[in-house]
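The values are calculated or read from the model by the stated rules, or taken from the named source; none is laboratory data. Because the structure is predicted, anything quoted here is derived from the model rather than measured. Here the Cβ positions follow ideal geometry from the backbone for every residue, glycine too, while neighbour counts run over all protein chains shown. Quick note on the areas: whole protein, heavy atoms, side chains included, nothing else; ligands and nucleic acids left out. Shrake-Rupley method; radii C 1.70, N 1.55, O 1.52, S 1.80 Å.
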Amino acid sequence: MRETQRVDRILSNFGFGTRREIKQLVKNGEVKVDGEVIKDSGMHVDPKTSKIEISGQVLNYRQFIYVMMNKPAGVISATFDNRHETVVDILPEEYKCFDPFPVGRLDIDTEGLLLMTNDGQLAHELLSPRKHVPKKYFAYIEGEVSAGDVKMFEEGILLDDGYKTLPAELHILEQGESSSVEVIIFEGKFHQVKRMFEAVGKKVKYLKRITMGNLVLDEALATGECRELTENELTGLINAVRTENDSNLN
Ligand code: URA
């Protein structure tokens, strides 16, 4: 099915300027559709099938955007906030015009993998408590994490509000007065990892998310940097959430 839109609308949605500015670019002969210079900025085109060029640059049209961010500490996982910088504020302009939002939340002091998208359906599936999407974190812990803690995580931890978590995997990487661990949880309660450690008498000093489903943080991204997912990453994520985990629905 052809879905046409005004070319000035498409280009302004993609951050090429206001409709008025685009009208001027069209007037100057800077906009081509399927190789032909266009004269009318109100012309209707289907951006999925037509090649749109602006000042010699081909428009990379996509309806949805999927961005992996290595979230830095100090910014909040929201689209807007009066007091703090948000993960949307620190996105490059080329992504902002898609109106992406963070898929779930990381605390202000948590770093690491944050998926940002405007695909509400995929976000909903990834966050659905029925899907049990695994999330792996690396953490520095104040206190000696023990084999007993591993066992307690395996059995599920009773949190301060009386909620018992699903079984979680705890792997000790370094053990001592402070420890480093990896923990995998299958849900996303408020401050969950911190509260799980508090429940066993320990404190999370540093927390970084490494994976969500089968999406792995690209370690080449410095904190604050981001990039779009590759085709493989996206299909992997979609397949995992729409197939295997569907058998866990209850
Ligand atoms: N658990 C937490 O305690 N904080 C996060 O940011 C993510 C998981």
For 221-229, 130-138, ranked highest to lowest by mean beta-carbon neighbours within 10 Å, the order is 130-138, 221-229
Average the reciprocal distances over every distinct pair of alpha-carbons in the stretch 59-200, invert the result, and give the Kirkwood radius in Å. 16.6
Protection-proxy order for peptides 36-45, 208-217, 86-95, each taking the mean of Cβ atoms within 10 Å per residue, highest first: 208-217, 86-95, 36-45
Per residue convex hull volume, Cα only, the chain, in Å³ is 152
Whole-Å distance linking the alpha carbon centroid of the stretch 1-46 with that of the stretch 76-139 is 31
For the cross-link pairs LYS96/LYS189; LYS135/LYS194; LYS71/LYS96; LYS71/LYS164; LYS96/LYS205, which exceed 24 Å when the distance is taken from alpha carbon to alpha carbon? LYS96/LYS189; LYS71/LYS164; LYS96/LYS205
Could you tell me the accessible area of VAL58 in Å² (1.4 Å probe, neighbours in place), rounded to the nearest ten? 80
For the chain, calculated [θ]222 nm from helices alone, where every DSSP H run of n ≥ 4 adds -39500 (n - 2.57): -6000 deg cm²/dmol
For LYS39, which lysines qualify as cross-link partners when the Cα separation must be under 19 Å and same-chain residues fewer than eight apart are set aside? LYS23, LYS27, LYS51
Which whole-number percent of Cα pairs in the stretch 5-58 have a distance greater than 19 Å? 8
Normalised by the number of residues in the chain, what is the relative contact order in percent for Cα pairs under 8 Å and 6+ residues apart? 19
If I take all pairs of Cα atoms in the stretch 135-212, what percentage of them are more than 19 Å from each other? 23
Excluding same-chain residues fewer than 8 positions from LYS32, which aspartates and glutamates have a Cα within less than 14 Å of its Cα? ASP8, ASP40, ASP46, GLU53
